[in-house]
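Trainee: Please find one structure pasted underneath; my questions will follow.
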Amino acid sequence: MITLRNVRTDDLDALHQIHQATSSNPNKTPEQWQLAYLKYVDYYPRFAFETSFVTCDENGKPLGYLLCESDADRFFKLMSEAYQEEMDAIVPGSFERFMNSQSFLQTFKDQYPAHLHIDLLPSAQNMHLGSKLMKQLIEELKARNIPGVLLGVSKTRPQAIHFYKKHGFEVLEEEPSGYTMGLKLDESAK
């Protein structure tokens, strides 16, 4: 039976494997993988576990995740405190470059303070698990009175764009390589 639960720190190895299996660039060096985990995965089980979820197989092994921080300011503060030194030790200047690439989170933080990352192993796709994760997140964010959630998505991922649109996300901003998409959760904001 497939289950859904909050993410835990002991899920990190499985989350790393899912991130690696779903990466658009599978040929990274070990240092590049470590940076990718620090940028996109490791923060959430440590600091945002209440709004981050995994879907697991009958043995409890994670098949996919939806990682979400509900407060952009908190994300920037805690990322700096927890990961700047480690990221810059791997590649000098990488923390500042990454945070600059995340500036869209600050741009839209008033209406969309939450952001998310979602990935499912290829073997777990087309089973509606992404929709179940999204539904769980939306319920949790609404219960916390979070007005909106956003994400960045590459133009090379048309299936992902379709998935987000199916769940009510709209394009907020277009860049040459991708979109910032958002979903308003506060009914009065629509």
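The values are calculated or read from the model by the stated rules, or taken from the named source; none is laboratory data. Bear in mind the structure is a predicted one, so any value in this text is a computation, not a measurement. Glycine gets a Cβ as well: all are built from the backbone with ideal geometry, and neighbour counts include every protein chain shown. Side chains are part of the model used for accessible areas, which takes the heavy atoms of the whole protein and leaves out ligands, DNA and RNA. Shrake-Rupley method; radii C 1.70, N 1.55, O 1.52, S 1.80 Å.
Trainee: Of all strands (runs of 3 or more DSSP E) completely enclosed by segment 116-187, which ones contain at least 2 residues that are within 16 Å of Ala72 (Cβ to Cβ) and of a type outside the set (D, E, K, R)?
Mentor: Here the list reads 148-154, 178-184.
Trainee: Name the one entry in Tyr65, Tyr83, Tyr40 that is surrounded by 18 or more Cβ atoms within 10 Å (Cβ to Cβ) and closer than 30 Å to Asp186 by Cα.
Mentor: The conditions single out Tyr65.
Trainee: Output the residue which, of all residues in segment 111-124 that are more than 14 Å from Ser52 (Cβ to Cβ) and modelled with pLDDT of 95 or more, is surrounded by the fewest Cβ atoms within 10 Å (Cβ to Cβ).
Mentor: Within segment 111-124, the match that is surrounded by the fewest Cβ atoms within 10 Å (Cβ to Cβ) is Gln111.
Trainee: Still on this model: Is there a residue in segment 125-132 that is under 21 Å from Ser177 (Cα atoms), open to solvent by less than 30 Å² (accessible area, probe 1.4 Å) and of a type in the set (A, V, I, L, M)?
Mentor: Scanning segment 125-132, I find no residue that is under 21 Å from Ser177 (Cα atoms), open to solvent by less than 30 Å² (accessible area, probe 1.4 Å) and of a type in the set (A, V, I, L, M), so the answer is no.
Trainee: May I ask you to list the residues in segment 18-37 that are touching a residue at least 24 places away in the same chain (Cβ under 8 Å) and either touching a strand residue (DSSP E or B) at 6+ places or on another chain (Cβ under 8 Å) or within 16 Å of Pro122 (Cβ to Cβ) (or both)?
Mentor: Within segment 18-37, Ile18, His19, Ala21, Thr22, Ser24 meet the criteria.
Trainee: Checking the condition at positive phi, in contact with a strand residue (DSSP E or B) (Cβ under 8 Å, 6 or more places away or on another chain) and small (Gly, Ala, Ser), which residue from Gly130, Gly168, Gly152, Gly93 passes?
Mentor: Unique residue meeting the criteria: Gly168.
Trainee: For Ser70, indicate whether it is under 19 Å from the mean Cα position of the chain (by Cα), among the polar types (S, T, N, Q) and under 24 Å from Gln32 (Cβ atoms).
Mentor: Considered against the rule, which asks whether it is under 19 Å from the mean Cα position of the chain (by Cα), among the polar types (S, T, N, Q) and under 24 Å from Gln32 (Cβ atoms), Ser70 comes out as no.
Trainee: Quick check on segment 119-137. Is at least one of its residues over 23 Å from Gly64 (Cα atoms), without any contact (Cβ under 8 Å) to a residue 60 or more places away in the chain and more than 17 Å from the chain's Cα centre (by Cα)?
Mentor: For segment 119-137, residues over 23 Å from Gly64 (Cα atoms), without any contact (Cβ under 8 Å) to a residue 60 or more places away in the chain and more than 17 Å from the chain's Cα centre (by Cα): absent.
Trainee: Can you list the strands (runs of 3 or more DSSP E) lying wholly within segment 1-109 that have 1 or more residues being of a type in the set (Lys, Arg)?
Mentor: Qualifying strands (runs of 3 or more DSSP E): 3-6.
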